[in-house]
Amino acid sequence: MPANPIFSKKYNITNEQMTTYIRTSYTNSILIQSRGVLQDPPCPKCEKNMGPWSGCVILEDEFGGVCGNCKWTDRTKNCFK
C-alpha cells in the first residue's frame with residue numbers, strides 16, 4: 001500500500017521521540033495518517049482542529065474506523081464509529 005505524506009500542524013516529531021517514548025497509539029496514529037483516506041466531512045474532533053495532524057484520515061476496516069487525530073491520544077469515543 002503506498003504511503004501518503006503526513007503533515008503535522010503542531011508537533012515536530014523526532015525519531016528519538018518515537019523510539020524513546022513509544023506509545024502504541026502514536027505508532028498507530030502515524031500508520032493511519034500515512035496509509036488512510038481523507039474524510040469529508042471530518043469527525044467532530046478534526047472539525048474543531050484538534051489533534052496533531054492536518055486532515056481527518058481513517059484507515060478503513062482498521063482500528064475501529066477512528067481517525068489518526070483521535071487515535072493519537074486514544075480518545076476515540078467521539079470519532080467515527
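Can you give the translational diffusion coefficient of segment 15-73 in µm²/s, computed by Stokes-Einstein from the Kirkwood radius over Cα pairs at 37 °C and 0.692 mPa s?
Working: Rh = 11.4 Å.
Translational D for this selection: 287 µm²/s.
Rank the residues C70, C43 as a footprinting-exposure proxy: fewest other Cβ atoms within 10 Å of their Cβ go first. Before the final figure, lay out each step's value.
Values: C70 28, C43 22.
In increasing order of surrounding Cβ atoms, one gets C43, C70.
Fewest to most neighbouring Cβ within 10 Å: what's the order for L31, L38?
Listing L31, L38 from fewest to most nearby Cβ atoms yields L38, L31.
Neighbour counts of other C-beta atoms within 10 Å: give me R35, R23 arranged from fewest to most.
Working: R35 16, R23 13.
Least crowded to most crowded, the residues run R23, R35.
For segment 15-73, calculate the relative contact order in percent as a whole number, restricting contacts to Cα pairs under 8 Å that are 6 or more residues apart.
Relative contact order comes out at 40 percent.
By how many nm would the segment from E47 to S34 grow when fully extended, if each residue of separation counts as 0.36 nm and the alpha-carbon distance is taken off?
Here the answer is 2.7 nm.
Laboratory data are not the source of any read-out in this text; all were calculated from the coordinates shown. Quantities reported herein were computed from a predicted structural model and do not represent experimental measurements. Here the Cβ is made from the backbone with ideal geometry for all residues, glycine too, and neighbour counts use every protein chain on show.
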